[in-house]
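Visitor: What follows is a structure written as structure tokens; I'll ask about it next.
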Amino acid sequence: MRLAIGGCGSSRAAMPATLLARLPDLLLDHSLALLADPYRYISRRCRQAGVEAFETRLLGRRTICMSGPRAAQLFYDPQRFMREGAAPEALKSTLFGHGAVQGLDGAAHRRRKSLFMMLAAPAHAAELAAMVEAGWARRVAGWGPERVVLYRQAQMVLAEAVCAWAGVPLAGRDLPLRTGQLVSLFDEAAPNSWRHLRSRWRRHLAQRWAAGLIRAVRAGRLAVPARTDGSPRALALVAHATDAQGALLPERVAAVELLNVLRPTVAVSVYVVQALHALHHHPQWRQPLLAGDAVASECFMQEVRRFYPFFPAAVARTREDFDWGGVHFRAGQRVLLDLYGTNHDPSSWAQPHLFRPQRFLERMPGLFDFIPQGGGEAAHGHRCPGEGIALALMTASVRALAALEWSLPRQDLHIDMRRLPALPRSGFVICDVRPVRAAQPPVGAAHRAPGEGGTRYRPV
Ligand code: HEM
């Protein structure tokens, strides 16, 4: 049997493989190399070796890394892969929480996932988007000459809106505290700095808060009114959710799932900043976005999700032994699917490192070539249930902000590809905020991918 590094029967050019050539991969741990370039590590190595998959050692375990649409199709085959025991402990104790839907399989997964599919129905996403737009209107009204950090502002707007939408009571004075905790779960989770420890601590605090809410709802001390159409809000839905035997979810697990709604909604702040970064470099899109051109807006937001890095990879475990692409997958082995690299795979995307929203008019992406929030079908597999919410909130936020003009104080707007999630280090600072006076003249230049000689802002 032949194993990856350099020797696979994939559709790409094969390279000769020997056990000797693979030894450094199997013996040395490559976690530092991955953390040094988290978004490009997998695709770069695949490209160098002309393969779609390779085996290496990460976090002390032999791990297979895969990239591209064929790999994504394989990864979302539930006969071959499962999620139980797949995620590293460092992510379970920060980003996901223990006992979350992310680690379930089969019928238990489908049952739990149906809660999220219900919550993320288009009408509910539209309701949340309207709340976010109103939140921006209130916040922006207080801005003037002083500097504001848009990343922080977006986090607060989204946290306030999603808590109200979910039926979670949140006093104004607690907003910064709870926002900080929710942000830490996705913004400080990477196990490459001391911030990871803070993320663990804040998971503990957020979890205690969420468990208290679940307890209060179950005890009848906190009433969560349903929507006018009778559908329950997230807090009530999760508090009363049951397993297949009809038992309520353990309080700790219900708390994890409540945070699984609040946390990723606040994480849309990353996409909001990335969309503003794109708008800064492509101001010709401002007018159609402001005018509410639905097609232009959809193309723009989709291209933001394709072009900018967010989560580098999804993680699963093999159910059985099999061979694919010249690689032997052993039962129980950890496998990483490259999300960023698949969104930039030249077999699916022409000039993938150019920001070009029109590409979404030319071709509808498939289930496995455009995977910023996972691949396959959300209802049946592990694809994110919140894509409609993310798009609706990005659109609402960008429309609210595109109606403003501002000055950019001196700052580095270069996207830091080592940061997880990748953002300008400044968090996008603006000042002298005022309403738009005139339409922006079109500026045509497409810019290069972040981190590949990307634009560094020159202050005017
Ligand atoms: C910032 C925008 C978002 C990004 C980048 C994002 C990304 C992702 C990714 C990459 C996955 C994993 C897919 C996989 O493992 O195969 C995922 C799963 C998930 N996301 Fe999102 N997501 C976002 C927004 C949301 C929102 C708004 C919600 C909530 C309503 C949400 C809830 C979830 C849940 C519950 C899962 C687990 C699904 C499962 O395991 O079946 N996400 N997301």
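The values are calculated or read from the model by the stated rules, or taken from the named source; none is laboratory data. Computed from a prediction, not measured in an experiment: that's the story for all the values here. When we count neighbours, we look across all protein chains shown, and the Cβ atoms used for this are built from the backbone with ideal geometry, even at glycine. Just so you know, the surface numbers come from the protein's heavy atoms only, side chains and all, with ligands and any DNA or RNA stripped out. Shrake-Rupley method; radii C 1.70, N 1.55, O 1.52, S 1.80 Å.
Visitor: When DSSP assigns beta bridges and you keep just the ones with both residues in region 304-424, what percent turn out antiparallel, to the nearest 5?
Guide: On the way: 9 of 10 bridges.
If I count the DSSP bridges inside region 304-424, around 90 percent turn out antiparallel.
Visitor: While we're on this one: What figure in square angstrom, to the nearest 10, would you give for the accessible area of Met118 with a 1.4 Å probe?
Guide: 100
Visitor: Then there's this: Using heavy-atom solvent-accessible surface (probe 1.4 Å) with all chains present, what is the largest-first order of Lys113, Lys92?
Guide: On the way: Lys113 5, Lys92 65 Å².
Largest accessible area first, the residues go Lys92, Lys113.
Visitor: May I ask you to rank Glu362, Glu133 by accessible area, largest first, using a 1.4 Å probe over the protein chains only? Before the final figure, lay out the partial values.
Guide: On the way: Glu362 125, Glu133 60 Å².
So, going from the largest accessible area down, we get Glu362, Glu133.
Visitor: Next question, about the same structure. Select from region 214-320 those trypsin sites (Lys or Arg not before Pro) which occupy a DSSP coil region and have at most 13 other Cβ atoms within 10 Å, ordered by residue number.
Guide: On the way: sites: Arg215, Arg218, Arg221, Arg227, Arg233, Arg252, Arg286, Arg305, Arg306, Arg317, Arg319; in loops: Arg221, Arg227, Arg233, Arg319.
Counting only loop positions with at most 13 other Cβ atoms within 10 Å, the trypsin sites (Lys or Arg not before Pro) in region 214-320 are Arg221, Arg227.
Visitor: Share of antiparallel DSSP beta bridges in region 19-435, in percent to the nearest 5?
Guide: The answer is about 75 percent antiparallel.
Visitor: Another one. Once ligands and nucleic acids are excluded and a 1.4 Å probe is used, how much of Arg152 is accessible, expressed in Å² to the nearest 10?
Guide: Rounded to the nearest 10, the figure is 90 Å².
Visitor: Could I ask something else about it? Whenever you get a sec, line up Thr265, Thr242 from highest to lowest accessible area (probe 1.4 Å, protein heavy atoms). It would help to have the intermediate numbers written out before the result.
Guide: Details: Thr265 10, Thr242 45 Å².
Result of the area sort, largest leading: Thr242, Thr265.
Visitor: Can you tally the net charge around Gly167? Count Lys and Arg as +1, Asp and Glu as -1, for every other residue whose Cβ sits under 13 Å from the Cβ of Gly167.
Guide: Residues near Gly167 contribute +1 overall.
Visitor: Now, a different point. Evaluate the relative contact order of the chain (contact order divided by residue number), counting alpha-carbon pairs under 8 angstrom at least 6 apart; express in whole percent.
Guide: Details: 804 pairs, mean separation 104.6, N = 460.
Once divided by the residue count of the chain, the mean separation gives 23 percent.
Visitor: Summarise the accessible area of the chain (1.4 Å probe, protein heavy atoms) by the percent that is carbon and sulfur.
Guide: After summing per-atom areas, the C and S share lands at 58 percent.
Visitor: Express in nm, to one decimal, how much length is gained between Arg363 and Ser114 on full extension, taking 0.36 nm for each residue of separation and deducting their alpha carbon distance.
Guide: 86.6 nm
Visitor: Taking a probe of 1.4 angstrom, what is the accessible area of Glu89 in Å², to the nearest 10?
Guide: Accessible area of Glu89: about 90 Å².
Visitor: With no solvent and one equal point scatterer placed on each C-alpha of the chain, evaluate the Debye formula and give log10 I(q)/I(0) for q = 0.07, 0.13 Å⁻¹, two decimals.
Guide: -0.36, -1.25
Visitor: Still on this model: Using modelled backbone amide H atoms (1.01 Å from N, in-plane), which distant-in-sequence or interchain residues come within less than 5 Å of His328's amide H?
Guide: Residues meeting the criterion, in which the H sits 1.01 Å from N, are Ala4.
Visitor: What is the calculated FRET efficiency for Asp432 to His240, with r their C-beta to C-beta distance and R₀ = 60 Å, to the nearest 0.05? Please list the in-between numbers first.
Guide: Numbers: r = 49 Å, r/R0 = 0.82.
Efficiency for this residue pair is about 0.75.
Visitor: When ligands, DNA and RNA are left out and all protein chains stay put, how many square angstrom of accessible area per residue does the chain have with a 1.4 Å probe?
Guide: Numbers: 19160 Å² over 460 residues.
I get 42 Å² per residue for the chain.
Visitor: What are the membrane-span-like helices in the chain by this rule: whole DSSP H runs, Cα extent along the axis at least 15 Å, mean Kyte-Doolittle hydropathy at least -1.0?
Guide: Working: long enough: 106-119 (20 Å, -0.29); 122-140 (27 Å, 0.24); 150-166 (23 Å, 0.72); 175-187 (17 Å, 0.55); 195-218 (34 Å, -0.90); 251-281 (46 Å, 0.79); 294-307 (19 Å, 0.12); 387-402 (22 Å, 1.32).
Long hydrophobic helices here: 106-119, 122-140, 150-166, 175-187, 195-218, 251-281, 294-307, 387-402.
Visitor: Ok, one more. Looking at region 268-333, which GluC sites (Glu not before Pro) are in a loop (DSSP not H, G, I, E or B) and have at most 12 other Cβ atoms within 10 Å?
Guide: Working: sites: Glu298, Glu303, Glu320; in loops: Glu320.
Of the GluC sites (Glu not before Pro), the ones in loops of region 268-333 whose Cβ has at most 12 other Cβ atoms within 10 Å are Glu320.
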